[in-house]
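Here is the structure we will look at.
The values are calculated or read from the model by the stated rules, or taken from the named source; none is laboratory data. Keep in mind that what you see is a predicted model, and the values were worked out from it rather than measured. Glycine also receives a Cβ, built like all others from the backbone with ideal geometry; neighbour counts cover every protein chain displayed. Ligands, DNA and RNA are stripped out before the accessible areas are found, and what is left, the full protein with its side chains, is counted by its heavy atoms. Shrake-Rupley method; radii C 1.70, N 1.55, O 1.52, S 1.80 Å.
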Amino acid sequence: MTQPRLPFSTLSAEAYQGLRATSDALAAGPLGAPLLELVYLRISQINGCAFCLGKHAKTLRECEVSQQKLDCLAGWRVSDLFSERERAALAWAETLTYVHEAGAPDERYAPLKSHFSDREISDLTLAAALMNAFNRLAVGMLL
């Protein structure tokens with residue numbers, strides 16, 4: 001295992017604690033752990049963060065999400081294992097992760113309104129931003 005480049009969580013303790021506080025607030029929010037963790041795992045797949053892949057897959061198994069569902073997450077669009085609510089969340093998470101390609105167009109945002117409250121959409125957007133930040137920290141600092 002590679003040594004981290006820098007101990008960012010102690011060097012930038014206040015900033016890092018802000019990210020942790022955001023994570024805790026989202027975990028206590030209305031989305032629920034399985035959905036949040038699916039979003040976190042999918043974003044971590046896209047970003048290639050091995051540390052986060054292991055962490056979120058483990059948490060999903062602890063939430064009793066089936067291994068089959070975890071195995072199919074990268075292909076969620078063609079799998080019948082994901083609900084419409086999960087599909088909308090995963091599509092939004094991918095949109096925000098790939099925001100450099102096309103922004104966040106209305107056709108990607110609109111399906112959220114059928115499955116989530118405004119608070120949940122806000123939390124989901126914050127969750128995608130947070131996981132992208134954590135992935136960049138982990139990849140950049142070699143966790």
Within segment 36-85, GluC sites (Glu not before Pro) in DSSP loop having at most 15 other beta-carbon neighbours inside 10 Å: E64
Can you find, among Q17, P105, L81, the residue farthest towards the positive end of the dipole of the chain? Put +1 on the C-beta of Lys and Arg, -1 on that of Asp and Glu. Q17
Which of the following values of percent of Cα pairs over 24 Å apart was calculated from the structure shown: (1) 26; (2) 47; (3) 30? (3)
Calculate, in nm to one decimal, what K69 and S83 gain on full extension: separation in residues at 0.36 nm each, minus their alpha carbon distance. 3.9 nm
Projected onto the charge dipole of the chain (+1 at Lys/Arg Cβ, -1 at Asp/Glu Cβ, origin at the Cα centre), which of I46, A138, A127 gives the Cα projection farthest towards the positive end? A138
Tell me, for the chain, which Cys residues have no other cysteine's C-beta sitting closer than 4.7 Å. C63, C72
Considering Cα pairs under 8 angstrom that are at least six residues apart, work out the relative contact order of segment 65-136 and quote it in whole percent. 29 percent
How far apart, in nm, are the 7 Å Cα→Cβ label points at Q17 and S114? 4.4 nm
Can you show me the helix-derived [θ] at 222 nm for the chain, built from DSSP H runs with n ≥ 4 at -39,500 (n - 2.57) apiece and divided by the number of residues, rounded to the nearest 500. -20500 deg cm²/dmol
Ignoring ligands, DNA and RNA, please state the percent of accessible area on the chain from carbon and sulfur, probe 1.4 Å. 56 percent
Run the reach check for K113 against lysines, Cα to Cα strictly under 27 Å, same-chain hits fewer than 8 apart removed. What comes back? K69
Relative contact order of the chain, defined on C-alpha pairs under 8 angstrom at six or more residues apart (%): 37 percent
